[in-house]
Amino acid sequence: MNIAEIIALKNKRKMTMLTAYDYPIAELVDRVGIDMILVGDSLANVVLGLDSTTKVGMQEMLHHAKAVTRAVKNALVIGDMPYDSYQVNPEECVKNAQRFITEAGCQAVKLEWFEHCLEVTGKIIKAGIPVMGHIGLTPQTVDKIGGFKVQCKDAEAAQRLIKQAVELEEIGCFSVVLECLPDKIAEFITKKIKIPTIGIGAGVHCDGQVLVIHDMLGLFARYTPKFVKKYIDLSPLITKAVNDFKNEVIQEKFPTDQHSFSIKEEELEKIKSLNLKSGTKYSSG
Ligand code: KIV
């Protein structure tokens, strides 16, 4: 998948995007044929146990992005710009975006909307790096948008959001994430702009859908937003497997012969006949 192929899918078929943060999951997701893989800063919450996405930095993001790109053969891999890579140090934004491409092997970056978003996005696009925008509920600036709740419930807020989507298209973003907003507003934006909209909690009319993989696999128990569908609940399955391991080790049911290595009986007899005493010196050969 490349940027042109993603854009060309608009009005042809719905697009799919999932997050991934490591090699084994990225390999599975890619093998299924998911169009885009986002190395999201949700890494902070679902993998690193932090309470805010603002607490994850470039080092952690690059470390995980590299693991993902090592596994992926087909999907477009997008690195999520962490808070301090462009909001704390806007002058560092191009350098940091470039690191996702050259060091980690991503094809694009994603940036959440904030006060100076257009200026920063413009600089990154000018440097030749494809950018996916992100509007609506933007967790990095959650204090400024009134908390983790549905965005643009009134006409004035909806107008602001529509304007942001149009501006992101005009500045050259190849796509935009719409997070947690009424489905009719997402539909309006999707029809208004020519670049694909990827929804999360934004209804069925978006051009594509994204979910955090730990949410849809049932691997993140701290909270589950209304817009998450758990396609499987892996937590109890993993808990059972770990418990079975614990019990089998204690009861000496694991390992069995099937998981062990043997030695010929005659060799064993030779070792026994050596009559080794403690303190015996062994040659290193
Ligand atoms: O970090 C992330 O996982 C995201 C998605 C929710 C779009 O930004």
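The values are calculated or read from the model by the stated rules, or taken from the named source; none is laboratory data. Everything numeric here is computed off the predicted structure, so don't read it as measured data. Every residue, glycine among them, receives a Cβ derived from its backbone with ideal geometry; neighbour counts consider all protein chains shown. Quick note on the areas: whole protein, heavy atoms, side chains included, nothing else; ligands and nucleic acids left out. Shrake-Rupley method; radii C 1.70, N 1.55, O 1.52, S 1.80 Å.
Quick notes
- By accessible area with a 1.4 Å probe, ligands and nucleic acids excluded, highest first: order of ARG13, ARG99, ARG160: ARG160, ARG13, ARG99
- Here is the list for segment 133-189: chymotrypsin sites (Phe, Trp or Tyr not before Pro) lying in DSSP coil, each with at most 15 other C-beta atoms within 10 angstrom of its C-beta, are PHE148.
- For the chain, built as a Gaussian network whose Cα springs stay under 10 Å, the top-fluctuating residue of ASP244, ASP35, ASP143: ASP244
- Aspartates and glutamates with Cα under 15 Å of LYS144, excluding same-chain neighbours fewer than 8 positions away: GLU112, GLU115
- In Å², nearest 10: area of VAL242 left accessible to a 1.4 Å probe: 90
- Within the accessible surface of the chain, defined with a 1.4 Å probe on protein heavy atoms only, the carbon and sulfur portion equals 56 percent.
- Angle in degrees between helix 23-32 and the longest Cα principal axis of the chain, rounded to the nearest 10: 60
- Remark: segment 118-194 carries 49 Å² of accessible area per residue (probe radius 1.4 Å; ligands, DNA and RNA excluded).
- Helix 117-126 and the longest principal axis of the C-alpha atoms of the chain enclose an angle of approximately 70°.
- Taking the longest Cα principal axis of the chain as reference, the axis of helix 155-171 is set at about 80 degrees.
- Across all C-alpha atoms in segment 1-68, the radius of gyration and Dmax reach 13.6, 39 Å.
- Taking every protein chain into account, the 1.4 Å probe leaves CYS180 with about 20 Å² of accessible area, to the nearest ten.
- Eigenvalues of the alpha-carbon gyration tensor of the chain, scaled by 5 and square-rooted, set the equivalent ellipsoid semi-axes at 48, 22, 18 angstrom, largest first.
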